[in-house]
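Participant: Take this structure, written in structure tokens, and hold onto it; I'll ask about it next.
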Amino acid sequence: MLTLIGRRLAAAIPSVIGVVVVTFVLTRALPGDPAAYFAGPNADAKAIAEIRTALGLDRSLPEQFVRYVGDLLRGDLGQSLSTGRPVLVELASRLPASLELTLLGLVISLAIALPLGILAATRPNSWVDHLCRVIVTLGVSMPTFFTGLVLVYVFYFLLGWSPAPLGRLDAFFSSPPDRTGLYLVDSLLAGDAETFVAAAGQLVLPAATLAIFTLAPLARMTRASMLAVLSADFIRTARASGLSGGTVVFAYAFRNAMLPVVTTLGMVFSFLLGANVLVEKVFAWPGIGSYAIEALIAADYAPIQGFVLTMALLYVVLNLSIDLLYGIIDPRLEPAA
Amino acid sequence: MNETLRHVRHVLTENPVTLGAAGLFVFFVLAALLGPSLAPYDPFASDAARALQPPSLRHWFGTDALGRDIFSRVLVATRLDMAIAVSSVILAFAFGTLAGLAAGFLGGATDQAIGRLVDTIMAFPLFVLAMGIVAALGNTVTNIVLATAIINFPLYVRVARAETAQRKSAGFIEAARLSGDGETAILFGQLLPNILPIMMVQASLTMGYAILNAAGLSFIGLGVRPPTPEWGIMVAEGAGLMISGEWWVALFPGLVLMLAVFCFNLLGDALRDIVDPRRRS
Amino acid sequence: MSELLRVENLSVAFRTRGGIVRALETVSFSIARGETVALVGESGSGKSVTAYAAMGILDPAGQVTGGRIVFDGIDLTEASEREIEDLRGREMSMIFQNPRAALNPIRRIGTQIADVLLRHGNIRRADAPAEAVRLLAQVGIPDPARRSRAYPFELSGGMCQRVMIAIALACAPSLLIADEPTTGLDVTTQAVAMDLVRDLARERQMATLLITHDLALASEYCDRVVVMHAGHVVESGPVAELLAAPRHPYTARLLAATPRPGIALGDLAAIPGELPDLRRAAAGVCRFAGRCDRRRDDCAGSLPPIPPGPLHDAACWNPL
Ligand SMILES: Nc1ncnc2c1ncn2[C@@H]1O[C@H](COP(=O)(O)OP(=O)(O)OP(=O)(O)O)[C@@H](O)[C@H]1O
Ligand SMILES: [Mg+2]
């Protein structure tokens, strides 16, 4: 197991290097004067010159790159112009909000997509199968931000079931004591049921929006790979041995069918992290996505750069865990000693 | 050829949904071409007295906060949205196919370099990379097209590379080589035409994604600026009004956007069935 | 000898896009306790479908449309899914061709054996792994304790077939159906696997239905032969008698097409024509007539099917 982790970590290094190089190139690809860009729209010539020296933009590109990497290693992502605070601090304080939303969205999506795909595959041409097909075709066509707005209209304005789509917690509540930054977890740790319910209420719609978006690829893949596995020879063996339907579907078919689904998770995470930005805007969610959008509007570049880097590194980490999960499910990757 | 035509007809008529999608496609093409001349109102003309009117016979989709006719704006926006999607797909198609051909045919260092580039792009969540690119290159429509093309590029490279590598040693390539064709002639005279149908399917499959992506970027305020009519930005303009019950401002552009994506996804699936009947979904 | 399995006028049809495939039509044969019977016929003749129907593992598109399958006094066509499930793996089991694919690729082989043992409930959970190791030793797998923790991809094809045999025999069934168990194995491994099956079968008084293309294999290991063609049983009888004096023209051709020592491959007569299209074949009529050089005018009449039993019989209007 340890060697597997080591090997996967080593394989992730080129991705990390690529990500760092691309974010560097993106900074230097700014049309016109990056210093002027970083200084913001209201800076005068003197301020711009100061920024140029401060950022080292008067040096050669390789030198600049070394400096950039050095800054990253020290955790220096620059300062936000609009808030004046270090980008790293702001990202760190907002990341839990994004993570909580994204993970819950993924959990909901998996909780629906896997059973749906399995049922559709085990009962071809039944109503579940048809439902699965409709969801799969419709789901990929729904713009996330539009789904979110429709949900808000129906569940907040028309039915009044959900709270106003304005952030993580209603103004009447104070945030739970900070342990993990995830409100659901923190409020449980603090034993505060009321806050937990309130936080969950705020989370439901945005997480459902994300789930609807990622449902389609997951359900499609689950159905397809379950169908393929169920007609495999070893399933016939399992049935010929009298193993019960449940054992055949879960212990034999499901685990094998999960392999391609786990592979799809990489693409799903890519979708999820992107959609997360849009959902944060719709629900005024104080995560790193809204931070980036605010910075985009204010032409405040350092936060955007920090955001892209954070998201990319997060994605690398997620892909790494997918690889590990795959290695756990499939013994063929690591022959037993 | 007759066989192909019959197959096309079979795919279209077998599934009424596909036929519907084809009809919708024609509708979107017409709207993109003729939209501005068909629009009943000037999409830019605001009229404070008629602000936020719900859908009626006069204003089919209602009016927005500035009193502009939403139906006209949605109709006129078709051209811009389609133009962004089509041009980004063409860019990704052209460069991706060439890069994939080169990687699959030449192998070696070229293959590795292109593979590295593709892997690097794929190391980002794609929408986030698009945001970064537009933010860096400048907040313009051209850059939205560029960013959308870049994030679609790896898909084309991968498909083209795999298809090329698979055909590289096929009989018809060997035959061409034996009959004295040069490598360039084989690459562009034999391989390219051979993988083109599959690449076209890929293009139609990514069209919907390109529309979604571009609309997403403009929804968060990148690229297209108000008062330009564009579906993503129109949904953004109506987003705040959803809470107060003025649903029509965001609903209609959003719905049309969804229909467009839906239509392209269905057509992509149908086209795949036509080109490769074995891979029936 | 008492009768263990009796298949009587069994008909199976598949619903497909191209129409209804009548894969089996009034198939009858029987197997006595401890007896080894070969089911032979060319590819597509319905051997596997017969076996799957007997095991109750036909794929959902297939349906038993007539006849009875009586196993140990129980009519399986009437029995509930639960009852059949309880018999499978305990009283009747099956091994397949391509043993590597027939094992779950991501489950340890010991666990796969234990699954069957635990399913049929004659063992405590804690004892299952040790019992699995014992079974592996019994089928001649060297170092069974270590191998029981291996995955199929870590074993050779021959080893995988032994594991399959261990799984099939785990609960000491009274009937083993072996569907081309040697296809995909090399010649020496084939012989070893077949000897293993025969020895274990003798030891336990287990009946075996050996499905094969290979008449030589059938003559070596079996007591009786049932010959199938296009979903019909065309001839059945004791092995020596049937091979020495085939009565059905198809069996005769099949024999002529079988390589034997002393006959060059070039002399082998290929069987002319192809299997008829089972979607269009008329019901109850000889399906070999189109390929038969002994055809007479009365061959178009409905064919008397062979009754189950040990006698030598051929379903033919103009037998040899
Ligand atoms: N799932 C199915 N759907 C439709 N038809 C089927 C199916 N399974 C079998 N058949 C039909 O039943 C016929 C007999 O098939 P079967 O697999 O029993 O042949 P076989 O004698 O075992 O051949 P082989 O020696 O190649 O294994 C075939 O012609 C096939 O058309
Ligand atoms: Mg078979």
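The values are calculated or read from the model by the stated rules, or taken from the named source; none is laboratory data. This is a predicted model, so every value here is computed, not measured. Quick reminder, even Gly has a Cβ in these numbers, built from the backbone with ideal geometry, and neighbours come from all protein chains shown. Side chains included, ligands, DNA and RNA excluded: accessible areas come from the protein's heavy atoms. Shrake-Rupley method; radii C 1.70, N 1.55, O 1.52, S 1.80 Å.
Participant: Those residues that are within 11 Å of another protein chain (Cβ to nearest Cβ) and under 12 Å from the mean Cα position of the chain (by Cα), I need them from segment A:246-277; list them, please.
Facilitator: Scanning segment A:246-277 gives A:G266, A:M267, A:V268, A:F269, A:S270, A:F271, A:L272, A:L273, A:G274, A:A275, A:N276, A:V277.
Participant: Related question: Taking segment B:132-148 as the region of interest, how many residues are open to solvent by less than 10 Å² (accessible area, probe 1.4 Å) and either more than 12 Å from A:T23 (Cα to Cα) or more than 10 Å from chain A (Cβ to nearest Cβ) (or both)?
Facilitator: Going through segment B:132-148 one residue at a time, the tally reaches 4.
Participant: Quick check, is C:I113 surrounded by 20 or more Cβ atoms within 10 Å (Cβ to Cβ), more than 16 Å from ligand 1 (Cβ to nearest atom) and under 18 Å from C:A178 (Cβ atoms)?
Facilitator: Judged against the criteria, C:I113 is a match.
Participant: Related question: Can you pull out the helices (runs of 4 or more DSSP H) entirely within segment A:80-158 that have at least 1 residues that are more than 10 Å from chain B (Cβ to nearest Cβ) and touching a residue at least 12 places away in the same chain (Cβ under 8 Å)?
Facilitator: A:87-122, A:127-139
Participant: Pull up segment A:52-72, narrow it to residues that are part of a loop (DSSP other than H, G, I, E, B) and closer than 14 Å to A:T27 by Cα, then point me to the one that is most open to solvent (accessible area, probe 1.4 Å). Quick ask: steps written out before the conclusion?
Facilitator: Going through segment A:52-72, the residues part of a loop (DSSP other than H, G, I, E, B) turn out to be A:56-60.
Now narrow it down to the ones that are closer than 14 Å to A:T27 by Cα: A:56-57.
Details: A:G56: 0, A:L57: 34 Å².
Per the criteria, the residue is A:L57.
Participant: Filtering segment C:151-171 down to residues that are outside any helix (DSSP H, G or I) and in contact with a helix residue (DSSP H, G or I) (Cβ under 6 Å, 6 or more places away or on another chain), which residue is farthest from ligand 1 (Cβ to nearest atom)?
Facilitator: So the residue we want is C:Y151.
Participant: Further, regarding this structure: Return only the number of the condition from (1) more than 29 Å from A:V185 (Cα to Cα); (2) touching a Gly at 6+ places or on another chain (Cβ under 7 Å); (3) of a type in the set (A, V, I, L, M, F, W, C); (4) open to solvent by less than 70 Å² (accessible area, probe 1.4 Å) that A:L81 does not satisfy.
Facilitator: Single failed check for A:L81: (4).
Participant: Answer yes or no as to whether A:T263 is surrounded by fewer than 23 Cβ atoms within 10 Å (Cβ to Cβ), β-branched (V, I, T) and touching a residue at least 40 places away in the same chain (Cβ under 8 Å). Talk me through it step by step, then tell me what you get.
Facilitator: Values: surrounded by fewer than 23 Cβ atoms within 10 Å (Cβ to Cβ): yes; β-branched (V, I, T): yes; touching a residue at least 40 places away in the same chain (Cβ under 8 Å): yes.
When the stated conditions are applied, A:T263 passes them.
Participant: Being at the interface with another protein chain (Cβ under 9 Å from one of its Cβ atoms) and small (G, A, S) is the filter here, so list the residues in segment A:278-306 that pass it.
Facilitator: Passing the criteria: A:G289, A:A292, A:A295, A:A299.
Participant: Can you name the residue in segment C:73-125 that is touching a residue at least 40 places away in the same chain (Cβ under 8 Å) and within 16 Å of ligand 2 (Cβ to nearest atom) and, of all such residues, is nearest to C:E3 (Cα to Cα)?
Facilitator: C:M94
Participant: Scan C:G266, C:G262 and give me the residue that is at pLDDT below 75, open to solvent by 20 Å² or more (accessible area, probe 1.4 Å) and at positive phi.
Facilitator: Details: C:G266 fails: at positive phi.
Testing whether each residue is at pLDDT below 75, open to solvent by 20 Å² or more (accessible area, probe 1.4 Å) and at positive phi leaves just C:G262.
Participant: Looking at C:G231, C:G237 in this structure, which one is within 15 Å of the chain's Cα centre (by Cα) and assigned by TED's automatic domain parsing to the domain that holds C:G67?
Facilitator: From the options C:G231, C:G237, the qualifying one is C:G231.
Participant: Cβ-Cβ distance below 6 Å, separation of 6 or more or different chains: which pairs start in segment B:136-155 with a residue that is among the small types (G, A, S) and end on one that is buried (at least 20 other Cβ atoms within 10 Å of the Cβ)?
Facilitator: If the second residue must be buried (at least 20 other Cβ atoms within 10 Å of the Cβ), the pairs left are B:A136/A:L26; B:A147/B:A130; B:A147/B:I133; B:A147/B:V134; B:A149/B:S88; B:A149/B:A92.
Participant: With the structure loaded, tell me whether B:G138 is touching a Pro at 6+ places or on another chain (Cβ under 6 Å) and not aliphatic (A, V, I, L, M) or whether it fails that test.
Facilitator: yes
Participant: Sticking with this structure for a sec: Can you tell me which residue within segment C:50-72, out of those that are outside any strand (DSSP E or B) and more than 13 Å from every other protein chain (Cβ to nearest Cβ), is nearest to ligand 2 (Cβ to nearest atom)?
Facilitator: Among those that are outside any strand (DSSP E or B) and more than 13 Å from every other protein chain (Cβ to nearest Cβ), it is C:T50.
Participant: Determine which member of the set C:G140, C:G184 is more than 14 Å from chain A (Cβ to nearest Cβ), under 25 Å from the mean Cα position of the chain (by Cα) and surrounded by fewer than 19 Cβ atoms within 10 Å (Cβ to Cβ). Talk me through it step by step, then tell me what you get.
Facilitator: Details: C:G184 fails: more than 14 Å from chain A (Cβ to nearest Cβ).
None of the other options fit; the residue is C:G140.
Participant: Another one. Filter segment A:171-229 down to the residues that are open to solvent by less than 60 Å² (accessible area, probe 1.4 Å) and assigned to a loop (DSSP other than H, G, I, E, B) and list them by number.
Facilitator: A:P176, A:G181, A:L182, A:A190, A:D192
Participant: Mind checking which residues of segment B:39-88 are open to solvent by 50 Å² or more (accessible area, probe 1.4 Å), touching a Gly at 6+ places or on another chain (Cβ under 8 Å) and under 19 Å from B:A215 (Cβ atoms)?
Facilitator: Matches in segment B:39-88: B:R79 only.
Participant: Another question, if that's okay. Check C:L24 against each of (1) part of a strand (DSSP E or B); (2) within 16 Å of ligand 2 (Cβ to nearest atom); (3) of a type outside the set (S, T, Y); (4) out of contact with any helix residue (DSSP H, G or I) (no Cβ under 9 Å at 6 or more places or on another chain) and name the one condition it does not meet.
Facilitator: C:L24 satisfies every listed condition except (4).
Participant: So, one more: Can you confirm whether segment A:55-68 contains a residue that is within 20 Å of the chain's Cα centre (by Cα) and either more than 14 Å from chain B (Cβ to nearest Cβ) or β-branched (V, I, T) (or both)? Reasoning before the result, please.
Facilitator: Taking segment A:55-68 first, the residues within 20 Å of the chain's Cα centre (by Cα) are none.
No - not one qualifying residue is present in segment A:55-68.
Participant: If you don't mind, there's one more thing I want to ask. Just one of (1) open to solvent by 20 Å² or more (accessible area, probe 1.4 Å); (2) within 14 Å of another protein chain (Cβ to nearest Cβ); (3) in a helix (DSSP H, G or I) trips up B:R225, so point out which.
Facilitator: Tallying (1) open to solvent by 20 Å² or more (accessible area, probe 1.4 Å); (2) within 14 Å of another protein chain (Cβ to nearest Cβ); (3) in a helix (DSSP H, G or I), B:R225 fails exactly one: (3).
Participant: Please verify whether segment B:235-249 includes one or more residues that are crowded, with 17+ Cβ neighbours inside 10 Å and not in a helix (DSSP H, G or I).
Facilitator: Taking segment B:235-249 first, the residues crowded, with 17+ Cβ neighbours inside 10 Å are B:235-239, B:241-242, B:246-249.
Next cut, not in a helix (DSSP H, G or I) only: B:246-247.
Checked segment B:235-249: at least one residue is crowded, with 17+ Cβ neighbours inside 10 Å and not in a helix (DSSP H, G or I).
Participant: Turning to a different aspect of this structure: Which condition does C:V70 not pass, out of (1) among the hydrophobic types (A, V, I, L, M, F, W, C); (2) in contact with a Pro (Cβ under 9 Å, 6 or more places away or on another chain); (3) more than 13 Å from ligand 1 (Cβ to nearest atom), if it passes all the others?
Facilitator: (2)
Participant: Give the residues of segment C:35-52 that are open to solvent by 10 Å² or more (accessible area, probe 1.4 Å) and more than 8 Å from ligand 1 (Cβ to nearest atom), sorted by residue number.
Facilitator: The answer is C:E35, C:T36.
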